[in-house]
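Below is one structure, written out as structure tokens; the observations come after it.
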Amino acid sequence: MSSTLKLEGKLFGGAMLFLTLCFGMTVYAVYKYGIDLPTCINNVEAFTKSEVIERAPKHYEIHYVARMWAFEPAVINVPPGSTLDIYLNSVDVTHGFQIAGTNANLMAVPGAVNYTQLTLNKVGEYKIVCHEYCGLSHHNMMATINVTENAAAANAAMESAQLAPSADEAEGAKLLESKACLSCHTINGSPLVGPTFKGVVGKEETLEDGSKVTVDDAYLAESIREPQLKLVKGFPPVMPKIPVTDEEIRKMIAYIKSLK
Amino acid sequence: MVVIQPALRKMILFQIIFPSVLLIFGIYQGLMQFIHRAGILRQVSFLGIEYYQGLTAHGVINAIVFTTFFAVAFGNALVPYFLGKEPSTKIVYLSGIMMALGTLLAAIVIFSGQASVLYTFYPPLQAHPLFYIGVALLVVGSWIAFYNWVPPYLEWRRKNLGKKTPLAIVGLFTTFLVWQIATLPVAYEVLVLLLPWSLGWTSTVNVVLARTLFWFFGHPLVYFWILPVYIMYYTMLPKVVGGKIYSDFAGRLAFLWLLVFSSPLGLHHQFTEPGIDSNWKMLHTILTFFVAVPSVMTAFVVAASMEYGARERGGKGLFSWWAKLPYFSKENWLFGYFFCGLVLFIFGGITGIVNASYSMNRVVHNTAWLPAHFHMTVAGPVLLSFIGMILHMTSTLTGKKIRFQPIHIWVPYIWMVGIFISSTGSFIGGLLGVPRRTNMGMTYLNPDSQLYRPEWVFSSKMAVYGGVLMVIAMIIYFIVLFGTLFSKQTAKPGLEFPVSEVYDDADYAVVRNFRPWILVAILAVIIAYTPPLYDIYKNQVKGSPAYAPSNPLPRAGS
């Protein structure tokens with residue numbers, strides 16, 4: 001009996017030593033490399049809008065907002081060697097946030113703000129995906145960080161692409177965002193949960209029942225008021241009725257028409 | 001052979017066959033996950049079941065329903081077998097019916113598409129109220145089953161003063177004490193936070209609090225899965241290999257240690273989230289390392305018991321005794337189910353230490369690495385031991401011989417290879433950043449999508465090949481199981497388990513009484529969870545309105 005007890009003691013001690021070693025390395029990583037975990041930030045209100053702030057050359061503060069089903073800002077350009085202070089907030093459900101190929105891995109939990117710091121030295125396209133189930137179109141969430149020598153030129157090109165809009169169009173754009181239309185309808189030409197707004201006006205679409213319709217002001221207005229009435233084939237019947245005035249619809253259509 | 005009342009016998013049989021039938025669908029949905037994720041299917045749904053709906057069914061059936069039913073059925077069988085006294089049949093039926101009813105309610109809303117919230121049901125995604133009611137009924141039914149075993153246990157102790165409680169019973173009571181401690185916070189989450197909110201009585205829910213309460217339950221849940229396996233590894237496996245339990249004391253200590261350290265460590269699932277101070281995350285890292293100790297102990301004791309058995313069978317040498325184990329024995333076929341689970345558990349355990357290691361966790365958090373890890377535990381030793389024991393119990397409870405012998409011996413080996421292939425694919429994918437729980441065929445693995453990621457194709461395809469092998473193993477298993485169930489009775493029905501003798505039967509007072517260990521377990525939970533819960537309370541996190549998974553706007557009225 002005593003011989004087995006002695007052996008057990010040795011094995012037990014060995015197991016404890018192994019685990020202590022693993023734990024020791026963890027603590028070493030925290031202090032030596034500063035790889036710490038997110039902690040508590042309570043001031044949610046300051047982080048409900050997406051923002052890119054250049055604090056110093058090659059030092060950016062980025063406020064990411066996660067929503068069903070997109071990240072904002074969708075694309076940013078920074079020069080190599082940039083340090084990013086990333087703040088992450090969700091405005092609806094729980095989302096995930098991982099920049100593939102880096103150690104930036106966060107949860108976006110409504111009601112609290114997450115934070116991590118990251119330095120990107122290598123030139124390339126870093127993709128951000130949502131890795132927590134957040135609803136029907138979870139798999140559509142993606143954002144990009146471009147690390148490029150010509151970050152300033154790339155940013156200027158992105159800005160000039162957004163031409164100065166009319167007052168109606170600008171208000172329409174704001175409405176589409178505030179009513180969450182853009183969660184399902186993109187403005188960049190790729191369909192998401194619903195058809196994209198880009199170039200949709202004047203297009204001939206096939207409906208669920210096989211009939212065809214040319215998208216015009218009347219069809220758009222009707223589809224905003226009664227989303228399930230004339231569904232475009234291949235898209236799920238999930239769009240809710242959203243309370244809007246005729247005036248608001250007119251502005252929204254003005255903006256959609258500008259997306260060519 | 002222990003003969004039990006027909007009524008009790010039938011209920012135990014129901015409690016192993018009902019979840020096995022559901023498991024057929026759960027496993028089909030598991031394969032569909034792999035196929036959608038590899039981009040072989042590039043669509044929202046297949047045969048009327050939407051991807052995330054199928055994922056919800058896969059998780060709820062395989063991880064919650066199947067495991068809870070088996071643990072209860074196993075207990076209902078172990079109590080009369082080892083204590084010589086049956087639990088009250090009426091209460092066994094009450095608990096069994098509650099659990100089945102709860103499962104059916106949850107199944108109805110899942111299949112009607114009103115509860116596609118996955119088995120973790122994180123708010124503010126909201127399911128139909130019947131989903132929460134169903135889950136609550138299942139859990140409360142299992143509590144009732146547990147308390148029904150206490151009178152036979154106390155009676156046995158009165159009649160056997162000074163004798164050691166059978167090791168299997170120590171393991172069983174540990175299993176359900178862990179379950180009792182762990183299910184209280186999730187009962188609070190479901191009954192106080194989520195159910196009134198889903199009924200529209202409250203308008204918002206504190207998401208940080210709900211997530212913390214869920215993982216307060218979610219990690220001890222995995223010990224609730226593995227503890228019945230430890231019962232089999234300690235008390236039955238040595239008999240199956242023709243040996244003895246190497247150390248009875250180690251078994252008791254492992255169980256009681258797990259009772260203390262299973263619960264106070266749930267924050268290691270929340271390392272990457274805001275709202276919780278990183279100091280408490282470090283505290284839970286340390287506590288997680290403590291809970292690895294009994295598993296390492298078990299590995300040593302089980303290996304020693306197997307070596308003893310192999311040497312009894314003529315095994316020699318430092319390593320060559322391994323060849324003498326009954327890998328493909330027709331009589332001791334349960335060995336294959338135990339052994340393959342053990343092999344998988346080595347890798348499941350080591351990858352688990354990666355997950356629990358504080359900052360290392362961020363490399364793998366919520367990537368495909370995670371399902372690869374827990375399929376080597378819950379779909380490794382847990383599933384294999386459970387289905388092996390279900391086949392064994394079905395045979396003895398009906399007095400029918402196992403049909404189509406000996407093909408069922410191959411089941412665990414095919415399954416093990418399948419898991420190795422699929423998990424290796426997912427481990428690689430996880431390190432490349434492949435997200436878990438995502439219908440990747442729609443976008444990331446669809447060459448027609450703007451979001452296509454070609455570097456993720458190889459590992460995701462690899463997971464499918466493993467998945468196909470796993471399904472082949474399960475098809476063979478179900479043919480044998482139902483072939484046995486519907487064959488002719490050849491013997492008297494009853495309960496029969498392989499029961500091992502003990503090699504080292506030393507007696508230590510410290511492991512002879514549950515009471516001090518229960519007190520320490522409660523104290524550990526209080527120490528580990530008071531600070532983070534106080535923080536969450538103090539921070540006054542803004543409540544979230546409800547969202548349906550299909551709509552980016554909050555539900556009307558909330």
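Across region B:302-332, the number of residues qualifying as among the hydrophobic types (A, V, I, L, M, F, W, C) and part of a helix (DSSP H, G or I) comes to 8. Look at region A:102-121: where a residue is more than 7 Å from chain B (Cβ to nearest Cβ) and within 18 Å of A:I76 (Cα to Cα) and a partner is among the charged types (D, E, K, R) and surrounded by fewer than 19 Cβ atoms within 10 Å (Cβ to Cβ), sitting 6+ places away or on another chain with Cβ atoms under 6 Å, you get A:Q117/A:D85. How many residues does region A:7-65 hold that are within 30 Å of B:A303 (Cα to Cα) and either at the interface with chain B (Cβ under 10 Å from one of its Cβ atoms) or touching a residue at least 12 places away in the same chain (Cβ under 8 Å) (or both)? Qualifying residue count for the region: 15.
In the set B:V343, B:V293, only one residue is of a type outside the set (D, E, K, R), without any contact (Cβ under 8 Å) to a residue 60 or more places away in the chain and in a helix (DSSP H, G or I); that residue is B:V293.
For region A:203-216, the condition of being farther than 23 Å from B:P552 by Cβ and either crowded, with 17+ Cβ neighbours inside 10 Å or in contact with a Ser or Thr (Cβ under 6 Å, 6 or more places away or on another chain) (or both) holds for at least one residue.
Inside region B:184-206, residues that are of a type in the set (S, T, Y), part of a helix (DSSP H, G or I) and either farther than 22 Å from B:D535 by Cα or without any contact (Cβ under 8 Å) to a residue 12 or more places away in the chain (or both) make up a count of 1. Of the helices (runs of 4 or more DSSP H) lying entirely inside region B:21-118, the ones with 1 or more residues being within 30 Å of B:V499 (Cα to Cα) are found at B:66-83, B:89-111.
Yes or no, residue by residue, for (1) modelled with pLDDT of 95 or more; (2) within 20 Å of B:P228 (Cβ to Cβ); (3) touching a Gly at 6+ places or on another chain (Cβ under 6 Å):
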{"position": "B:I91", "(1), (2), (3)": "yes, no, no"}
{"position": "B:I108", "(1), (2), (3)": "yes, no, no"}
{"position": "B:G113", "(1), (2), (3)": "no, no, no"}
{"position": "B:L130", "(1), (2), (3)": "yes, no, no"}
{"position": "B:L138", "(1), (2), (3)": "yes, yes, yes"}
{"position": "B:F176", "(1), (2), (3)": "yes, yes, no"}
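Take the conditions (1) in contact with a Phe, Trp or Tyr (Cβ under 9 Å, 6 or more places away or on another chain); (2) of a type in the set (G, A, S); (3) surrounded by fewer than 21 Cβ atoms within 10 Å (Cβ to Cβ); B:G349 misses just one of them, which is (1).
For region A:132-150, name all the residues that are at the interface with chain B (Cβ under 7 Å from one of its Cβ atoms) and either within 30 Å of A:A56 (Cα to Cα) or in a strand (DSSP E or B) (or both).
Going residue by residue through region A:132-150, those that are at the interface with chain B (Cβ under 7 Å from one of its Cβ atoms) are A:132-133, A:135-136, A:138-140, A:142.
Of everything in region A:132-150, just one residue is at the interface with chain B (Cβ under 7 Å from one of its Cβ atoms) and either within 30 Å of A:A56 (Cα to Cα) or in a strand (DSSP E or B) (or both), namely A:M142.
Against the definition (among the hydrophobic types (A, V, I, L, M, F, W, C), in contact (Cβ under 8 Å) with a residue 12 or more places away in the chain and part of a helix (DSSP H, G or I)), how does B:F335 come out, yes or no?
Details: among the hydrophobic types (A, V, I, L, M, F, W, C): yes; in contact (Cβ under 8 Å) with a residue 12 or more places away in the chain: yes; part of a helix (DSSP H, G or I): yes.
When the stated conditions are applied, B:F335 passes them.
Taking the conditions exactly as written (buried (at least 23 other Cβ atoms within 10 Å of the Cβ) and either over 22 Å from the mean Cα position of the chain (by Cα) or closer than 23 Å to B:T484 by Cβ (or both)), does B:S385 satisfy them or not?
Working: buried (at least 23 other Cβ atoms within 10 Å of the Cβ): yes; either over 22 Å from the mean Cα position of the chain (by Cα) or closer than 23 Å to B:T484 by Cβ (or both): yes.
Judged against the criteria, B:S385 is a match.
Hey, can you tell me all the residues within region A:102-113 that are assigned to a loop (DSSP other than H, G, I, E, B) and either in contact with a strand residue (DSSP E or B) (Cβ under 7 Å, 6 or more places away or on another chain) or buried (at least 22 other Cβ atoms within 10 Å of the Cβ) (or both)?
The first filter runs over region A:102-113 and keeps only residues assigned to a loop (DSSP other than H, G, I, E, B), leaving A:102-104, A:109-113.
Passing the criteria: A:T102, A:A104, A:V109, A:P110, A:G111, A:A112, A:V113.
Please verify whether B:A299 is within 9 Å of chain A (Cβ to nearest Cβ), assigned to a helix (DSSP H, G or I) and surrounded by 24 or more Cβ atoms within 10 Å (Cβ to Cβ), treating the condition exactly as stated. So B:A299 fails the test.
For residues that are crowded, with 20+ Cβ neighbours inside 10 Å and either at the interface with another protein chain (Cβ under 8 Å from one of its Cβ atoms) or not in a loop (DSSP other than H, G, I, E, B) (or both), tally how many sit in region B:431-448. Of the residues in region B:431-448, 11 are crowded, with 20+ Cβ neighbours inside 10 Å and either at the interface with another protein chain (Cβ under 8 Å from one of its Cβ atoms) or not in a loop (DSSP other than H, G, I, E, B) (or both).
So that you can scan it fast, the table gives a plain yes or no per residue for (1) at pLDDT 95 or above; (2) more than 20 Å from the chain's Cα centre (by Cα):
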| position | (1), (2) |
| --- | --- |
| B:F374 | yes, no |
| B:G425 | yes, yes |
| B:Q450 | no, yes |
| B:R453 | no, yes |
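Scanning region A:70-89 for any residue that is surrounded by 18 or more Cβ atoms within 10 Å (Cβ to Cβ), among the aromatic types (F, W, Y) and either within 20 Å of the chain's Cα centre (by Cα) or over 24 Å from B:L432 (Cα atoms) (or both) turns up at least one such residue.
Counting residues in region B:242-263 that are acidic (D, E) and under 27 Å from B:T175 (Cα atoms) gives one or more.
For region B:499-512, the criterion of being within 14 Å of chain A (Cβ to nearest Cβ), closer than 30 Å to B:G430 by Cα and either of a type in the set (S, T, Y) or part of a helix (DSSP H, G or I) (or both) is satisfied by no residue at all.
Between B:A38, B:A7, B:A71, B:A57, the distinction of being buried (at least 22 other Cβ atoms within 10 Å of the Cβ), of a type outside the set (V, I, T) and within 22 Å of B:P151 (Cβ to Cβ) belongs to B:A71 only.
Quick check, is A:G199 assigned to a loop (DSSP other than H, G, I, E, B) and surrounded by fewer than 16 Cβ atoms within 10 Å (Cβ to Cβ)? Answer is yes for this residue.
Any idea how many residues of region B:116-156 are of a type in the set (D, E, K, R) and touching a Ser or Thr at 6+ places or on another chain (Cβ under 7 Å)? Walk me through it before giving the result.
Quick first cut of region B:116-156, residues of a type in the set (D, E, K, R) only: B:155.
Adding the requirement that they be touching a Ser or Thr at 6+ places or on another chain (Cβ under 7 Å) leaves none.
Within region B:116-156, residues that are of a type in the set (D, E, K, R) and touching a Ser or Thr at 6+ places or on another chain (Cβ under 7 Å) number 0.
If the condition is being touching an Asp or Glu at 6+ places or on another chain (Cβ under 6 Å) and closer than 18 Å to B:R362 by Cβ, then region A:58-97 contributes A:D85, A:T94, A:H95, A:G96.
Based on this model, can you work out whether A:V129 counts as free of Cβ contacts under 8 Å to residues at least 24 places away in the same chain, buried (at least 17 other Cβ atoms within 10 Å of the Cβ), within 30 Å of B:Y51 (Cα to Cα) and within 11 Å of chain B (Cβ to nearest Cβ)? For A:V129, the condition - free of Cβ contacts under 8 Å to residues at least 24 places away in the same chain, buried (at least 17 other Cβ atoms within 10 Å of the Cβ), within 30 Å of B:Y51 (Cα to Cα) and within 11 Å of chain B (Cβ to nearest Cβ) - is not met. Considering only residues in region B:155-175 that are touching a residue at least 60 places away in the same chain (Cβ under 8 Å) and hydrophobic (A, V, I, L, M, F, W, C), the one that is surrounded by the most Cβ atoms within 10 Å (Cβ to Cβ) turns out to be B:L172.
For region A:72-101, give me each residue that is within 13 Å of chain B (Cβ to nearest Cβ) and assigned to a strand (DSSP E or B).
Initially, region A:72-101 is screened for residues within 13 Å of chain B (Cβ to nearest Cβ), giving A:74-75, A:86-101.
A:V75, A:I86, A:Y87, A:L88, A:N89, A:S90, A:H95, A:G96, A:F97, A:Q98, A:I99 - these are the residues of region A:72-101 that are within 13 Å of chain B (Cβ to nearest Cβ) and assigned to a strand (DSSP E or B).
When the residues of region B:450-482 are filtered to those that are without any contact (Cβ under 8 Å) to a residue 40 or more places away in the chain and surrounded by fewer than 20 Cβ atoms within 10 Å (Cβ to Cβ), the one that is nearest to B:Y119 (Cα to Cα) is B:I475.
The values are calculated or read from the model by the stated rules, or taken from the named source; none is laboratory data. This is a predicted model, so every value here is computed, not measured. A quick note on method: Cβ atoms are made from the backbone with ideal geometry, for glycine too, and the neighbour counts reach across all protein chains shown.
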